[in-house]
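Bear in mind these aren't lab numbers, they're just calculated from the coordinates by the rules spelled out. Note that this is a predicted model, so its numbers are computed, not measured. Because the Cβ atoms are built from the backbone with ideal geometry, glycine has one as well, and the counts that use them run over all protein chains shown.
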Amino acid sequence: MNYKKLIEMALQYRKRAYCPYSNFKVGAAALFENEAAFGGCNIENASFGATNCSERTAIFKGISEGFISLRAIAIVGSLEEYTYPCGICRQVINEFATKDTIVIIARSVDDYIVMKFDEIFPGSFSKEDLIGNSKSSV
Ligand code: THU
């Protein structure tokens with residue numbers, strides 16, 4: 001699937017944003033192995049901390065359908081400014097990213113930035129950091 005198709009999907013899912021508190025709509029489309037793509041929107045909650053971002057909605061849909069390797073994710077938030085993934089979403093992307101995972105930050109299908117995920121999440125804490133530390137010290 002090409003960048004534009006993934007952005008189109010993110011834009012479609014952006015329409016489904018449930019954001020009565022912020023009124024800030026965000027849509028995402030996560031592309032996994034075998035060209036499997038899943039869309040998601042932000043889903044807010046009266047208890048604000050229970051809000052789920054669009055990126056995590058899309059990624060969790062893919063994971064729960066049996067996919068594991070995130071190849072790319074397109075994100076459309078504000079149509080005026082580029083909306084980058086929040087810190088929690090970067091950590092979740094990191095869990096399923098490869099060294100080649102691409103992040104597409106779009107304002108429209110014709111206006112977008114393509115970055116390698118590594119560029120926006122340097123020095124990450126990853127599963128590799130846990131290897132050799134499985135014995136609890138408490
Ligand atoms: N939001 C996302 O969906 N993704 C991001 O990366 C940034 C923030 C949502 C969460 C909340 O519903 C609204 O945008 C305002 O923070």
Item to complete: Considering only residues that are among the acidic types (Asp, Glu) and more than 7 Å from the ligand (Cβ to nearest atom), look in region 19-54 and name the one that is surrounded by the most Cβ atoms within 10 Å (Cβ to Cβ).
Response: Glu33
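Here's the yes/no breakdown for (1) within 12 Å of the ligand (Cβ to nearest atom); (2) of a type outside the set (Val, Ile, Thr); (3) out of contact with any helix residue (DSSP H, G or I) (no Cβ under 6 Å at 6 or more places or on another chain):
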| residue | (1), (2), (3) |
| --- | --- |
| Ala17 | yes, yes, yes |
| Arg56 | yes, yes, no |
| Phe60 | no, yes, yes |
| Ala97 | no, yes, no |
| Thr101 | no, no, no |
| Asp110 | no, yes, yes |
| Val114 | no, no, yes |
